[in-house]
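Q: The structure that follows is given in the form of C-alpha cells.
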2 protein chains.
Amino acid sequence: MGKVLVVGGTHGNECNAPWLLKTLRHVPAGLDTAGLAVLPLLGNPEALAAGRRYLDRDLNRSFEPALLADPARGEHELGLARRWLDRYGPQGQEPCLVALDLHSTTAAMGNCLVAYGRRPADLALAAALQQRLGLPLYLHEGDPAQSGYLVERWPCGLVIEVGPVPQGVIQARVVEQTRLALEEALALLAEARRGGLPQPRELVVHVHHGSLDLPRHGDGSAAAVVHPQRQNRDWQPLRAGDPLFLDQEGRTLVYEPPAELAGQTVCPVFVNEAAYGEKGIAFSLTSRQVWPVRPEWTEALIQLAGGLDDA
Amino acid sequence: MGKVLVVGGTHGNECNAPWLLKTLRHVPAGLDTAGLAVLPLLGNPEALAAGRRYLDRDLNRSFEPALLADPARGEHELGLARRWLDRYGPQGQEPCLVALDLHSTTAAMGNCLVAYGRRPADLALAAALQQRLGLPLYLHEGDPAQSGYLVERWPCGLVIEVGPVPQGVIQARVVEQTRLALEEALALLAEARRGGLPQPRELVVHVHHGSLDLPRHGDGSAAAVVHPQRQNRDWQPLRAGDPLFLDQEGRTLVYEPPAELAGQTVCPVFVNEAAYGEKGIAFSLTSRQVWPVRPEWTEALIQLAGGLDDA
C-alpha cells in the first residue's frame, strides 16, 4: 500500500507549484484528492529560498541509481534525492506508489505531460488525462545526456509541465492550470483503483528524438538566437526550410531534416526554455506518433492503483 | 563635446540588450546611429556571465553619490558604477552627454520609457519619442526606497524598457523592439543637434506614486499572489473595487484608493516583475497625467545635443 507523492519546487525557480502546495496546506479542502492519500513535498526548499533552479546540480537529473549509490558524491541535490527516496520511495518509511512532479517552463508548452520511457502504467495515466483534458504528451527516452529524472524512481509517475511563465514569478493562471491537471490525475487514479479507468482508443505521443543547440562560436558563445517565427510555437510541426535561428548578421538559418526523420511529423518542444541554455538545448525535436492504447497499460495501472491508500 | 552612452546588461539576467549590442559589434552597419558617436557598454559583464541580476547589489540602484564617495563600500556593483563614471561620465576620460540604458522586464510593459525626476532634456526626448512611437512614459521620482539609477548621473538619459520576457531568455522580438526605440532615440538626438526637434503639444506621463507589496504573513512569506485579472494589465486604469490579489484561501482582495489619489486615473506598472519581489514590490502605482510640452524642455535638449560628437 502507498500514497501519491505530489512534488512541487523540484526546481527552485519554478515557484507556481510550491504556491499551489502552500495553498493546499492552508486550506485542507482546497485540493480535491478524490479520496486518495496524497503526500505533498517541496522538492528543493533551499533552492526555492535562493530563487535558483538548484544549488549544486539539477535535482531532476539526480535520481540516477549509480550516482545515488556513490558515497563520494555529496552534492546538495544528491542528498535530497537520497532523502526523498528513503522517506517516500516505494520501499521508503512512508511509501508512495505514484509520483506527480509539478513543473513550469519559460517555453510556450501550455499545460502538458512528460513521461520517461514507455512504462505501461505511465502511458495509461497519460492516455486517460489526454482524453479528459487534451494534454499533449512528450515522451522522453533514450537520451544519455539527459537522465536521472525524479518520477523514474517510483512505479508510476508523470511530470505536469505548464508554461510560458518567467522563472521566479507566480502567475495565478499557471497555478490554476497546474491544479486542474493534478486534480484530474488524482481523479483518474481513484477511478483506476475502483477498476474502471476510461481510456481513449489512441494516444498521441511526441517521442523525443534529440535536441538542437544554438549555433555557437569557437569560444562557446551564441552566434544566433531562436528565430522569431519559431518562438512560442512549441508542438507545431517543423518542415524543411522553416526558419530556426537568426544569426548575428541578421540571416535566417532554416531547418534541414536529418535522414532518419524524413517523412515524420517533427514538432519542437521546450523552445527557448531559460534553464536549458546551460545544457546546450535551444529546443528538442519530437516525432508525433499516434499509438493504439493497449489493454495491458490499463491493467498495469489498475493493478498498481489497487495499492493506493485512502485519504 | 561627448558621445551617446548606450548601456545593455545593467542587470545580468536581462540578456536581450546585450545581444543587441553584440550584434552591433559584429555588424558595424547594424545600428543606424543617425551620424552620432555612440559608445556601447555592457553594464555588468560578471553578472551577465553568472545569469544573475547582480552579484552584490543592484547596479541600477548604485549610482548614488554618497555611496560612490564612501571608500569603505567595496561591492562589485559600486566598483562598476565608479569605473563607468570615471571612463564615460560627463567629466570622464571619454565623456558621454546622454545615457540610454536598455532593460527588459517580466511584466507586460510593452515597449516603454522610464525617466527619473523632471529634467527638461529628458522630458523633451521622451515627448518626441512618444510622438514618433507612441511609447508610454513612467516618471519615477520622490521614492527614497528606490534611488541611484544609472541615467541620473548623465546630463540627459532615459531607460528603454521592454517586456514581458523571462529573465535569462533572448527573444528576437524583444531585441527588435529595443532596437526600434534605440534607433529612434538616436535619430531624435541627431535632429535636436541640428536644432529642429519636432515636439507634440502634450506629453502623457505616468507619475510614480508608490508601490504595493503582496500581503504577507508575520514571517515575511507571501500570503497572496497578484490577481489573475490584474496580471498583464500594466498601464490599464485601476478603479476602486478592482481585484488586486488572490489570497491563500482563494479570496479576492480589491483595490481601495488612498485619499490622495481620489479622482485621479491610477495605472499600475511593473506588475509581477520577477526582480521586484525582493524589493517588496508587487507593482507600482502611477497617476496618469497630461502635461503641455514646454518650450524650455526642447531648448534644453537642443543645447545639450549641440555638444554631441559625430560618428
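Q: Looking at the stretch B:125-140 only, could you name the residues that are part of a loop (DSSP other than H, G, I, E, B) and without any contact (Cβ under 8 Å) to a residue 60 or more places away in the chain?
A: The first filter runs over the stretch B:125-140 and keeps only residues part of a loop (DSSP other than H, G, I, E, B), leaving B:134-136.
B:134, B:135 - these are the residues of the stretch B:125-140 that are part of a loop (DSSP other than H, G, I, E, B) and without any contact (Cβ under 8 Å) to a residue 60 or more places away in the chain.
Q: Cβ-Cβ below 6 Å, separation at least six or inter-chain, first residue in the stretch B:208-229 and of a type in the set (Asp, Glu), second surrounded by 14 or more Cβ atoms within 10 Å (Cβ to Cβ): which pairs?
A: If the second residue must be surrounded by 14 or more Cβ atoms within 10 Å (Cβ to Cβ), the pairs left are B:213/B:282.
Q: Restricting to the stretch A:85-114, give me the number of residues that are under 16 Å from the mean Cα position of the chain (by Cα) and open to solvent by less than 20 Å² (accessible area, probe 1.4 Å).
A: 14
Q: Within the stretch B:273-295, how many residues turn out to be of a type in the set (D, E, K, R) and in contact with a Pro (Cβ under 6 Å, 6 or more places away or on another chain)?
A: First, the residues of the stretch B:273-295 that are of a type in the set (D, E, K, R): B:273, B:278-279, B:288, B:294.
Still in the running and in contact with a Pro (Cβ under 6 Å, 6 or more places away or on another chain): none.
Number satisfying all stated conditions: 0.
Q: Ok, one more. Quickly run through the stretch A:210-221 and pick out the residues that are surrounded by fewer than 21 Cβ atoms within 10 Å (Cβ to Cβ) and in contact with a strand residue (DSSP E or B) (Cβ under 8 Å, 6 or more places away or on another chain).
A: First, pick out the residues of the stretch A:210-221 that are surrounded by fewer than 21 Cβ atoms within 10 Å (Cβ to Cβ): A:210-213, A:215-221.
Matches in the stretch A:210-221: A:210, A:211, A:212, A:215, A:216.
Yes/no matrix, rows are residues, columns are (1) aliphatic (A, V, I, L, M); (2) away from chain B (no Cβ under 14 Å); (3) farther than 18 Å from residue A:159 by Cβ:
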{"position": "A:79", "(1), (2), (3)": "no, yes, yes"}
{"position": "A:86", "(1), (2), (3)": "no, yes, yes"}
{"position": "A:113", "(1), (2), (3)": "yes, yes, no"}
{"position": "A:117", "(1), (2), (3)": "no, yes, no"}
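Q: I need the full set of residues from the stretch A:40-52 which are open to solvent by less than 20 Å² (accessible area, probe 1.4 Å) and not in a helix (DSSP H, G or I), in order please. Explain how you work it out, then say what you get.
A: Let us first name the residues in the stretch A:40-52 that are open to solvent by less than 20 Å² (accessible area, probe 1.4 Å), namely A:41, A:43-44, A:47.
Residues satisfying the conditions are A:41, A:43, A:44.
Q: A further question follows. From the list A:30, A:12, which one is in a loop (DSSP other than H, G, I, E, B) and buried (at least 20 other Cβ atoms within 10 Å of the Cβ)? Walk me through how you get there before you give the answer.
A: Working: A:30 fails: buried (at least 20 other Cβ atoms within 10 Å of the Cβ).
Of A:30, A:12, the one residue that is in a loop (DSSP other than H, G, I, E, B) and buried (at least 20 other Cβ atoms within 10 Å of the Cβ) is A:12.
Q: So for the stretch B:13-30 (the condition being within 19 Å of the chain's Cα centre (by Cα) and among the β-branched types (Val, Ile, Thr)), does at least one residue qualify? Even if it seems obvious, please write down each step before you answer.
A: Residues of the stretch B:13-30 within 19 Å of the chain's Cα centre (by Cα): B:13-21.
Keeping just the survivors that are among the β-branched types (Val, Ile, Thr) gives none.
No, every residue in the stretch B:13-30 fails to be within 19 Å of the chain's Cα centre (by Cα) and among the β-branched types (Val, Ile, Thr).
Q: Given the conditions (1) under 28 Å from residue A:169 (Cα atoms); (2) under 14 Å from the mean Cα position of the chain (by Cα), which single one is not true for residue B:117?
A: (1)
Q: Open to solvent by less than 30 Å² (accessible area, probe 1.4 Å) and under 30 Å from residue A:16 (Cβ atoms): is that true of residue B:273 in this structure? Spell out how you get there, then give the answer.
A: Working: open to solvent by less than 30 Å² (accessible area, probe 1.4 Å): yes; under 30 Å from residue A:16 (Cβ atoms): yes.
It is true that residue B:273 is open to solvent by less than 30 Å² (accessible area, probe 1.4 Å) and under 30 Å from residue A:16 (Cβ atoms).
Q: Can you tell me which residue in the stretch A:141-174 is nearest to residue B:278 (Cα to Cα), limited to those that are open to solvent by 20 Å² or more (accessible area, probe 1.4 Å) and part of a helix (DSSP H, G or I)?
A: So the residue we want is A:173.
Q: Right, residue A:32: under 20 Å from residue B:247 (Cα atoms), acidic (Asp, Glu) and in contact (Cβ under 8 Å) with a residue 12 or more places away in the chain or not? Break it down into steps so the answer makes sense when it comes.
A: On the way: under 20 Å from residue B:247 (Cα atoms): yes; acidic (Asp, Glu): yes; in contact (Cβ under 8 Å) with a residue 12 or more places away in the chain: yes.
Yes; evaluated as a whole, the condition is true for this residue.
Q: Let me ask something additional. Give the residues of the stretch A:168-198 that are without any contact (Cβ under 8 Å) to a residue 12 or more places away in the chain and within 14 Å of chain B (Cβ to nearest Cβ), sorted by residue number.
A: Once the filter is applied, which keeps residues that are without any contact (Cβ under 8 Å) to a residue 12 or more places away in the chain and within 14 Å of chain B (Cβ to nearest Cβ), the stretch A:168-198 yields A:172, A:173, A:176.
Q: Does any residue of the stretch A:235-246 turn out to be in contact (Cβ under 8 Å) with a residue 60 or more places away in the chain, within 14 Å of another protein chain (Cβ to nearest Cβ), under 24 Å from residue A:112 (Cβ atoms) and open to solvent by 10 Å² or more (accessible area, probe 1.4 Å)?
A: Restricting attention to the stretch A:235-246, the residues satisfying the condition of being in contact (Cβ under 8 Å) with a residue 60 or more places away in the chain are A:235.
From the residues that got through so far, the ones that are within 14 Å of another protein chain (Cβ to nearest Cβ) too are none.
No, the stretch A:235-246 contains no residue that is in contact (Cβ under 8 Å) with a residue 60 or more places away in the chain, within 14 Å of another protein chain (Cβ to nearest Cβ), under 24 Å from residue A:112 (Cβ atoms) and open to solvent by 10 Å² or more (accessible area, probe 1.4 Å).
Q: Quick check, is residue A:165 touching a strand residue (DSSP E or B) at 6+ places or on another chain (Cβ under 9 Å) and either within 14 Å of chain B (Cβ to nearest Cβ) or of a type in the set (Phe, Trp, Tyr) (or both)?
A: The answer is yes for residue A:165.
Q: Can you tell me which of B:260, B:278, B:249 is within 10 Å of another protein chain (Cβ to nearest Cβ), without any contact (Cβ under 8 Å) to a residue 60 or more places away in the chain, surrounded by fewer than 16 Cβ atoms within 10 Å (Cβ to Cβ) and not in a loop (DSSP other than H, G, I, E, B)? Before you say what the answer is, go through the steps one by one.
A: Details: B:260 fails: within 10 Å of another protein chain (Cβ to nearest Cβ); B:249 fails: not in a loop (DSSP other than H, G, I, E, B).
The unique qualifying residue is B:278.
Q: Also, I was wondering about something else. Scan the stretch A:292-311 residue by residue and report those that are surrounded by 16 or more Cβ atoms within 10 Å (Cβ to Cβ) and either touching a strand residue (DSSP E or B) at 6+ places or on another chain (Cβ under 6 Å) or within 20 Å of residue A:215 (Cα to Cα) (or both). Even if it seems obvious, please write down each step before you answer.
A: To start, the set of residues in the stretch A:292-311 that are surrounded by 16 or more Cβ atoms within 10 Å (Cβ to Cβ) comprises A:293, A:297-298, A:300-302, A:304-305, A:308-309.
Result: A:293, A:304, A:308, A:309.
Q: On to the next question. Which condition number in (1) in a loop (DSSP other than H, G, I, E, B); (2) open to solvent by less than 60 Å² (accessible area, probe 1.4 Å); (3) modelled with pLDDT under 95 is the one that residue A:23 fails?
A: (1)
Q: Kindly indicate whether any position in the stretch B:199-209 is crowded, with 18+ Cβ neighbours inside 10 Å and within 14 Å of chain A (Cβ to nearest Cβ).
A: Within the stretch B:199-209, none of the residues are crowded, with 18+ Cβ neighbours inside 10 Å and within 14 Å of chain A (Cβ to nearest Cβ).
Q: Tell me which of these residue B:184 doesn't satisfy, since it passes every other one: (1) open to solvent by 50 Å² or more (accessible area, probe 1.4 Å); (2) under 11 Å from residue B:129 (Cβ atoms); (3) in contact with a Leu (Cβ under 6 Å, 6 or more places away or on another chain).
A: (1)
The values are calculated or read from the model by the stated rules, or taken from the named source; none is laboratory data. All values reported here derive from a predicted model rather than from experimental measurement. Don't worry about glycine lacking a Cβ; one is built from the backbone with ideal geometry, like all the others, and counts go over all protein chains shown. Quick note on the areas: whole protein, heavy atoms, side chains included, nothing else; ligands and nucleic acids left out. Shrake-Rupley method; radii C 1.70, N 1.55, O 1.52, S 1.80 Å.
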